[in-house]
Amino acid sequence: MSNTPDGLKYAKTHEWVKDNGDGTVTVGISDHAQELLGDLVFVELPEAGSDVAAGDEIAVVESVKAASDIYSPLSGKILGVNDVLNDAPESINDSPYEEGWLFTLKVADKSELDALMDADAYAKHAQDEEH
Amino acid sequence: MNKKTILNQTHHDLGARMVPFGGWEMPVHYGSQIEEHHAIRRHAGMFDVSHMQIIDLKGSDCKRYLRHLLANDVGKLKSTGRALYSCMLNSQGGVIDDLIVYFMDETWYRIVVNASTAQKDLGWIMEQVGVFGIDVLPRSDLAMIAVQGPKAIELTLPLLNEELHEAAAELKPFSAVWDPSWFIARTGYTGEDGFEILLPQSDCVALWNDLADAGVRPCGLGSRDTLRLEAGMNLYGQDMDETTTPLVSGLDWTVALKPEERSFIGREALEKQKKEGIHQQLVGLVLDGRGILRSHQKLFVGDKQIGEITSGSFSPTLERSIALARIETGSPHGFDVEMRGKHLPVKVVKYPFVRHGKLATEL
């Protein structure tokens with residue numbers, strides 16, 4: 001069973017969002033998503049400073065087998081990206097919620113956070129998709 | 001509903017990620033596709049390949065029939081147990097499937113075809129029997145395990161009975177030995193040494209477990225694909241299919257146009273294509289930059305498309321992306337791949353990329 005920590009918010013497209021409490025969030029992909037993709041070998045990160053809208057394709061992660069688009073779960077401005085992933089994309093497999101984070105975002109509209117799923121709802125969504 | 005091999009429960013118990021493949025539920029990996037890949041390059045690993053279709057052809061006309069059916073010439077097989085790789089073509093020269101044929105004796109040949117094409121192949125094979133005096137016997141009673149890697153033979157031999165052990169220890173590449181129930185071939189699809197073992201389903205789980213106890217790592221179809229790509233081996237349905245001939249698929253070495261009097265299905269079409277000129281070829285590609293080459297990505301010289309990738313992936317051994325691609329002959333050796341709207345330079349290299357654990361090309 002994949003790990004779905006409480007306290008994070010999740011998007012249908014398998015990104016997790018951590019509210020940093022200062023108007024910024026950290027974004028990554030869920031344990032379920034990394035498990036589905038398998039060994040990750042390449043990550044294309046967004047550009048720091050760019051403005052994004054919720055649902056925009058802003059990054060790509062590629063496993064040995066497949067490429068997968070990453071969608072911005074919220075609207076806002078990209079603050080920082082996890083450059084470590086350029087050389088160590090496997091960090092996403094090893095530690096999807098800690099070392100494997102993708103980017104931080106300054107949130108434009110906090111109400112968008114409410115539209116995301118909590119851990120229970122996401123776990124159910126992931127399970128339904130599997131079957 | 002996908003079919004299940006006799007090892008299905010074993011795969012589930014090992015925690016495999018199972019996926020549908022060619023009408024079967026098969027393991028894609030048991031945790032890490034890359035580690036499984038390295039296990040085979042550096043030590044030993046095994047695949048359940050029981051989904052592949054084994055077909056025995058028996059009868060006095062076997063040889064004549066196969067010399068008609070296949071683009072390669074089973075007449076080359078002079079001693080029993082020898083194996084040959086061949087394409088089976090339609091009359092336009094397109095590839096219906098690729099297969100391995102084993103010469104068992106004058107009235108018995110064994111062929112192994114791909115899982116996803118098994119029904120189509122059987123239909124075609126039956127259809128061509130016509131006046132030939134042969135029986136077509138699908139062997140769904142047999143399972144198949146491929147044990148591959150530098151340590152594969154050493155770890156497998158002690159698990160064979162005494163007679164097979166001795167005979168298998170002497171096997172040359174691309175040949176096989178058997179007893180009434182087990183069949184051991186020194187063949188594979190990884191670029192490493194090893195065996196492919198065909199055996200009764202009732203013996204299969206025990207052999208798998210014994211191999212695992214001996215240190216042979218279970219490997220899924222994911223690593224099978226990256227291993228065969230590094231080894232420069234074509235995959236049916238990607239690198240060739242019914243719309244492409246062997247001559248534009250890097251498989252001209254498998255077409256026996258001599259002796260000239262042998263008429264095989266597709267021969268006329270291939271001779272015509274040869275006479276009119278071969279305009280495409282299969283090449284190996286390496287991406288120096290970041291990103292992963294994938295099948296169907298387009299290749300460009302300037303803004304003119306000159307071809308397309310047929311198989312692409314990340315190479316765990318070379319730690320960069322490699323591919324096979326079909327391009328127009330005479331294209332320059334440097335061109336671009338289109339990846340998510342951007343053009344990135346790729347380099348043409350000779351393939352295989354990797355053989356016996358080592359770099360086999362110039363990067």
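Side notes on the structure shown:
- Kirkwood-based shape ratio for the range B:176-287, expressed as Rg/Rh from alpha carbons: 1.08
- The range A:9-123, dipole about Cα centre (Lys/Arg Cβ +1, Asp/Glu Cβ -1), debye to the nearest 20: 280
- Descending Cα extents along the principal axes, the range B:321-363, whole Å: 36, 25, 15
- Pair-distance distribution P(r) for the protein assembly as shown, from all Cα-Cα distances in 10 Å bins starting at 0: 4, 18, 25, 24, 17, 8, 4, 1, 0 percent.
- On association of chains B and A, roughly 1400 Å² of accessible area becomes buried (total for both chains; probe 1.4 Å).
- The charge dipole of the protein assembly as shown, taken about its Cα centre with unit charges on the Cβ of Lys, Arg, Asp and Glu (plus for the first two, minus for the last two), comes to roughly 1940 debye.
- Computed from point charges on the beta carbon alone (+1 for Lys and Arg, -1 for Asp and Glu), the dipole magnitude for chain B about its Cα centre is near 1000 Debye.
- Placing unit charges on each Cβ (+1 for Lys and Arg, -1 for Asp and Glu) gives the protein assembly as shown a dipole about its Cα centre, and among B:G222, B:I96, B:G289 the Cα reaching farthest toward its positive end belongs to B:I96.
- Threshold 20 Å², the range B:32-47 residues less accessible with all protein chains present than alone (1.4 Å probe): B:Q33, B:I34
- Lysines with Cα under 19 Å of B:K358, excluding same-chain neighbours fewer than 8 positions away: B:K151, B:K350
- Rg/Rh for the range B:279-359 stands at 0.95; both radii use Cα atoms, and Rh follows the Kirkwood definition.
- For the range B:47-176, alpha-carbon Rg and Dmax in angstrom: 15.5, 48
- Sequence-distant lysines (8 or more away, or on other chains) whose Cα lies within less than 24 Å of B:K258: B:K63, B:K76, B:K78, B:K272, B:K274, B:K275
- Alpha carbon Rg of the range A:1-117, scaled by the compact-globule rule 2.2 N^0.38 Å: 0.96
- P(r) weight above 34 Å for chain B, C-alpha pairs, percent: 27
- Solvent-accessible area assigned to carbon and sulfur over the range B:279-359 amounts to 51 percent, based on a 1.4 Å probe.
- Net length available on complete extension from B:T80 to B:D13 is 20.2 nm, with 0.36 nm assigned per residue and the Cα-Cα distance removed.
- When the Cα positions of A:Y71, A:S95, A:L85 are compared along the charge dipole of the range A:61-105, A:Y71 comes out farthest toward the positive end, with charges on each C-beta of Lys, Arg, Asp and Glu.
- Dipole of the protein assembly as shown, positive direction: furthest Cα of A:H125, A:A11, B:A83, with charges on the beta-carbon: B:A83
The values are calculated or read from the model by the stated rules, or taken from the named source; none is laboratory data. On a predicted model such as this, the values are computed, not experimentally measured, just so you know. Glycine also receives a Cβ, built like all others from the backbone with ideal geometry; neighbour counts cover every protein chain displayed. These area figures cover heavy atoms from the full protein model, side chains too; ligands, DNA and RNA do not enter into them. Shrake-Rupley method; radii C 1.70, N 1.55, O 1.52, S 1.80 Å.
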